Structures are given as C-alpha cells and as structure tokens.
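The values are calculated or read from the model by the stated rules, or taken from the named source; none is laboratory data. It should be emphasised that the depicted structure is a prediction, and the values quoted were computed from it without experimental measurement. Positions of Cβ are generated from backbone atoms using ideal geometry, with glycine treated the same way; all protein chains shown enter the neighbour counts. These area figures cover heavy atoms from the full protein model, side chains too; ligands, DNA and RNA do not enter into them. Shrake-Rupley method; radii C 1.70, N 1.55, O 1.52, S 1.80 Å.
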Amino acid sequence: MPAQIISGVETAKAIREELATEIADLKTQHGVVPGLVTILVGEDPASQSYVAAKNKTAHALGIHSEQVTLPADTSEEELLRIVGEYNANTAIHGILVQLPLPKHINEAKVLFAIDPEKDVDGFHPVNVGKMMLGERCFLPCTPHGILELLQRSGTETSGAEVVVVGRSNIVGKPIANLMLQKREAGNATVTICHTRTKDMDYHTKRADILIVAAGVPKMIKGNQVKEGAVVIDVGVNRIGQAESGKAILAGDVDFNDVVDKVKAITPVPGGVGPMTITMLMKNTLQAAKQAAGLI
Ligand code: GUN
C-alpha cells in the first residue's frame, strides 16, 4: 500500500480555520485582540523568511502582530531593554525572539528575560519545567505541531516505540518528553539518539514512530527504517537555490528512498513546517485568553 503522506499544509489549514473563528469570537465577545511581537536580530535569510511567515499568518488570523527588526550588532543590553518594554505592553500577549541570535548575545539570558506568561515559544525555564511536570503551559511550537500531526493522522502512540534523532532544546528533548507523558499522543516508549549514539541504525530500525530532527539533509535512508513505520521529518535544510531565487529544501529523511517502505511520512516542505507556525498562533491565542482571565 502506498504510504500516507501526512500533510502539514492541510492539517495546519484546518487548525487555522478553528483558530480564526475563536479569535473572531474573542474580539466580539470580550473585546480582546491577541497581540504578538516577533523580534529579529540580524539578517539571516532563513530567519527573515520564518519571521515574515509568522507575521503574515498572524495577520491572516486576526492577530495583531508587530515586527521588530534590529541590526546584527545590537547589544544584549538593548535587546533586553526591548524585551522588557514588550513584557510591560498590555496589547502584546506573545513575545518571540527569533533564534539563533548573533554570537555576542547570550541566548539563554534573553529567553529567560521574557515574561513566562508571554513566552509563546515555550522556551522559558518556567514553561519547560511545567511541560515536564505535565502542567498547563506554552508547549514549544514544533513538538506541539508534531503531536497534532500524529493525533490528526490517527497514529497510535500509546505503547509505540518512538525513536527521536536529535537532542536539541527546541525539538528533540521536548518531543521525547511529551511523548512519554500520560497524555494524548503520549504513553510511548521513547529513545533519543544523538551524535554520540553508538549504533543508531539499531534504534531507528525498531522505531514504530521515527522523529528526525538532526539538521543533516537526507541522512535517514530506507535501510534505516522499519517496514510500516510512521516517519516525522523535522529537517528544513537549504540545499541549493532555484533560478527564481527560491531556496531548495530537503528534509533530514531521504524521502524517495524511504517512502515505499513506510506506513506514513511527512514531506519537506509542507510537513512539520506549517504546523510550527500554526502552533505559535495557537499559543498566542492561549496567552491572550490567559491574560484576560478567560482560562
Ligand atoms: N528558530 C528556529 N526555530 C525557532 C522557533 O521555534 N522559535 C524561535 N524563536 N526561533 C526559532
């Protein structure tokens, strides 16, 4: 049977429609308009396009969105001052500082300065701690998007062998943690592989659900996956540029090599990517409702 292609585009569209309705209702019933600020330091092209996409989506859903673009030589002090300003701004419910930051800025210091109630990325230690404990919090957007994709594609996670390749704070660690919790899209047996893993193939080949977030283009081949597995490819690697100037993207999974063997797989582009942005919108709505005392 041909593999099911798990479309992030379609899933994100369905969720965005739900969000747009809820955002409109929030405005008419409570006079609240969710507000998001994105802060970009420097001119990294990938970051520029992510931030533009975030603002465009916010706007389309009826979220008030502001973008702050700062030069690469902005001081840490100045960035902290701006974050402080938005912490105090009651029209803004969500603050997103696009990563990576230039080397001279301490990333942790900046992320820790964001009010946890406005931390729609879910990167602040308060939210990370709450997530580990299974308390209500802002879930980090990419792992949150993966959970939605698994749930909405009808993938059974309870008791499944889940193997995560990559141990980043943004994807690997949180998705592994969420999937082992007693929760929807959880209750899995989870293994994390990383650059020091001795025999990665041993692990990937026994995964019912394989989640790859390693940042290495096409690293996972067909002979490294189990027949009938569900594969979630988180990689977004720029491997070239089309004549139009548009970036050519590849995932961390060699899609063509893997697709005939698996039960379901997310494409790149159009898989996890659109979900990440959608979950940011969901978190911004949650932040606005929390600030208004509605949840
Ligand atoms: N850079 C890559 N992914 C992300 C993300 O989810 N949030 C932020 N703030 N920066 C990123």
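The apolar share of the surface of segment 1-138, taken as the fraction of accessible area on carbon and sulfur atoms (1.4 Å probe, ligands and nucleic acids excluded), comes to 56 percent.
Using 5 Å bins from zero, what percent of all Cα-Cα pairs in the chain falls into each bin? Histogramming the chain at 5 Å steps yields 1, 5, 12, 16, 18, 17, 14, 10, 5, 2, 0, 0 percent. From the alpha carbon centroid of segment 210-248 to that of segment 1-25 is 22 Å. The packing ranking, built from the mean of other Cβ atoms within 10 Å per residue, places the peptides 92-103, 52-63, 136-147 in the order 136-147, 92-103, 52-63, highest first.
Full extension of the chain segment joining I295 with L249 gains 12.6 nm, where the gain is 0.36 nm per residue of separation less the Cα-Cα distance. Which one of Q29, Q48, Q151 has the biggest mean-square fluctuation once the chain is modelled by GNM with Cα springs under 10 Å? For the chain, modelled as a Gaussian network with Cα springs under 10 Å, the answer is Q29.
Between helix 8-30 and the chain there is an angle of about 30 degrees, using the helix long axis and the longest principal axis of the Cα atoms. On the beta carbon distance between S49 and T28, with R0 = 41 Å, the FRET formula returns roughly 0.80.
If R0 equals 45 Å, the separation of the Cβ atoms of K182 and A72 corresponds to a calculated FRET efficiency of about 0.50. Around V171, what is the net charge, scoring Lys/Arg as +1 and Asp/Glu as -1 over all other residues with Cβ under 15 Å from its Cβ? The answer is -2.
Calculated accessible area for segment 46-112 comes out at 51 Å² per residue, all protein chains present (probe 1.4 Å; ligands, DNA, RNA ignored). Provide the percentage of antiparallel DSSP beta bridges, counting only those with both residues in the chain; round to the nearest 5. If we restrict to bridges inside the chain, about 10 percent are antiparallel.
Does anyone have the angle between helix 76-88 and the longest principal axis of the chain? Alpha-carbon axes, 0 to 90°, nearest 10? Its long axis makes an angle of about 70 degrees. Partner lysines whose Cα lies under 19 Å from the Cα of K263, excluding those fewer than 8 positions away in the same chain, are identified as K205, K218, K221, K226. Put the Cα centre of segment 268-284 next to the Cα centre of segment 83-148 and the gap is 16 Å. Please give the net charge around G94, taking every other residue with its beta carbon less than 13 angstrom from that of G94, where Lys and Arg add +1 and Asp and Glu add -1. Neighbour charge sum, excluding G94 itself: -1.
Of N187, N237, N89, the residue with the greatest mean-square motion in the GNM of the chain, using alpha carbon springs below 10 Å, is N89.
Over the residues of the chain, the helix contribution to mean residue ellipticity at 222 nm works out to -12500 deg cm²/dmol, using -39500 (n - 2.57) for each DSSP H run of at least 4.
Of all the options D199, D121, D208, the one that moves most in a Gaussian network model of the chain with Cα springs shorter than 10 angstrom is D199.
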